[in-house]
Amino acid sequence: MSTDTTASVSTHILDTSIGRPAASVAVTLAARGGDARWAALGGSATDGDGRCKDLPALPEGTTHVRLVFDTETYFASTNQAEAQQDAPRVRDSGAFFPEVTLTFAVTPGEHFHVPLLLNPFGYSVYRGS
């Protein structure tokens, strides 16, 4: 819930290689304000619909947010290895992107929904609604 002095953040992940939501992806959240120091706020994991519905609230005065997605664990899971029929079975370094880190500016009083479109070898993000 946002007020005039705080922003709020939500996210979801779509695995574009299988055309389905990415479930059980760990997501951590950090924020910073005017002092330019990052404060870890905690995290969550995506549900069966690929959504994080319970990310921690942002503190008042937040100007920047950082979301970190644990993509390595997601792509290493047995279910994903079987679902990724067209992807190479063996990768030299595990996941090509072991994590995806998104840093973005926020405005007090606004909600920021930031979807992640993910596949084993690339990703895209945008400000959603």
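Write out, first by first residue and then by second, each pair whose Cβ atoms fall under 6 Å of each other, whose residues are 6+ apart or on separate chains, and whose first residue, in segment 103-129, is touching a residue at least 60 places away in the same chain (Cβ under 8 Å) while the second is among the polar types (S, T, N, Q) and not in a loop (DSSP other than H, G, I, E, B).
Pairs found: His111/Ser8; His113/Ser10; Val114/Thr11; Leu117/Ser124.
Those residues that are over 18 Å from Val100 (Cβ atoms) and without any contact (Cβ under 8 Å) to a residue 40 or more places away in the chain, I need them from segment 8-30; list them, please. Before the answer, list the steps.
First pass over segment 8-30, keeping only residues over 18 Å from Val100 (Cβ atoms): 8, 19.
Listed by number, the list holds a single entry, Gly19.
If you scan segment 9-38, which residues turn out to be touching an Asp or Glu at 6+ places or on another chain (Cβ under 7 Å) and of a type in the set (A, V, I, L, M)?
Ala22, Ala23, Val25, Ala26
Under the condition of being of a type in the set (Lys, Arg) and farther than 28 Å from Pro120 by Cβ, which residue from segment 22-67 is surrounded by the most Cβ atoms within 10 Å (Cβ to Cβ)?
So in segment 22-67, the residues of a type in the set (Lys, Arg) come out as 32, 37, 51, 53, 66.
Filter again for farther than 28 Å from Pro120 by Cβ, leaving 32, 37.
Working: Arg32: 17, Arg37: 9.
Selected residue: Arg32.
Coordinate-derived values only; no laboratory data. As the structure is a computational prediction, the values presented were derived from the model and not from experiment. Cβ: placed from backbone, ideal geometry, glycine included. Neighbour counts: every protein chain shown.
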